[in-house]
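Shown next, in structure tokens, is the structure this report addresses.
The values are calculated or read from the model by the stated rules, or taken from the named source; none is laboratory data. What you see is a predicted model; the values in this text were computed from it and never measured. Calculation scope for accessible area: heavy atoms of the full protein, side chains included, ligands and nucleic acids excluded. Shrake-Rupley method; radii C 1.70, N 1.55, O 1.52, S 1.80 Å.
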Amino acid sequence: MSAFLGRLGFALALIAATALAQDKAATERTSAEWLALIQADKKAIVARSMDLTPEESAKFWPLYETFQRELAVPQNTITRALLDYIAAGDTLTDANARRIVEQMLAAQKDEARLRDRHFRQLLKVLPARKAARYMQIENKIQAVVRYEGARSVPLVR
């Protein structure tokens, strides 16, 4: 369980991993290697990956910080739901299984709404290509995080 929590805890740090995959060596990294790489300093990786002008940086970073705080809410809900599932183990009831999945689905919807709102905000302060690049980085890193989490959680019996 602590390995799972560690992976989820580092999940937010993975956002910039994709942007580093520009060189051949980077594209050959495993998701676990990305996880370890990103946990060291996510914000610096995002900064290098975004190639922002000073004016863009002044507007982007406050939005980024707000988004990360807001994104933590649904991600924490998902983490708690998964911990409930793990804690239940073989004693998981149908009612609890349903509750856990409903909590996760609701949190994923909230996360999607946040991403949409954040993208709209980014479009007000960045060129569309840079806003899209950030959303791409965010999406790819979340894919790695979800993979790592899914790999750690056994299937319901």
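Here Lys59 is the anchor, and the aspartates and glutamates within straight C-alpha reach of less than 14 Å, apart from those fewer than 8 places off in the same chain, are Asp51. Here Lys109 is the anchor, and the lysines within straight C-alpha reach of less than 19 Å, apart from those fewer than 8 places off in the same chain, are Lys140. Solvent-accessible area of Val156, all protein chains in place: 90 Å² (probe radius 1.4 Å, heavy atoms, ligands and nucleic acids excluded). Bridging of Lys42 to aspartates and glutamates at a Cα separation below 13 Å is possible for Glu65, Glu138, once same-chain residues fewer than 8 apart are set aside. Nonpolar atom fraction for the stretch 82-156, defined as the carbon and sulfur part of the 1.4 Å probe accessible area, stands at 57 percent.
Ordering Tyr147, Tyr134 by accessible surface, largest first, gives Tyr147, Tyr134; the 1.4 Å probe counts only protein heavy atoms, with every chain in place. Per-residue surface analysis assigns Asp90 an accessible area of about 130 Å², computed on protein heavy atoms at 1.4 Å probe radius.
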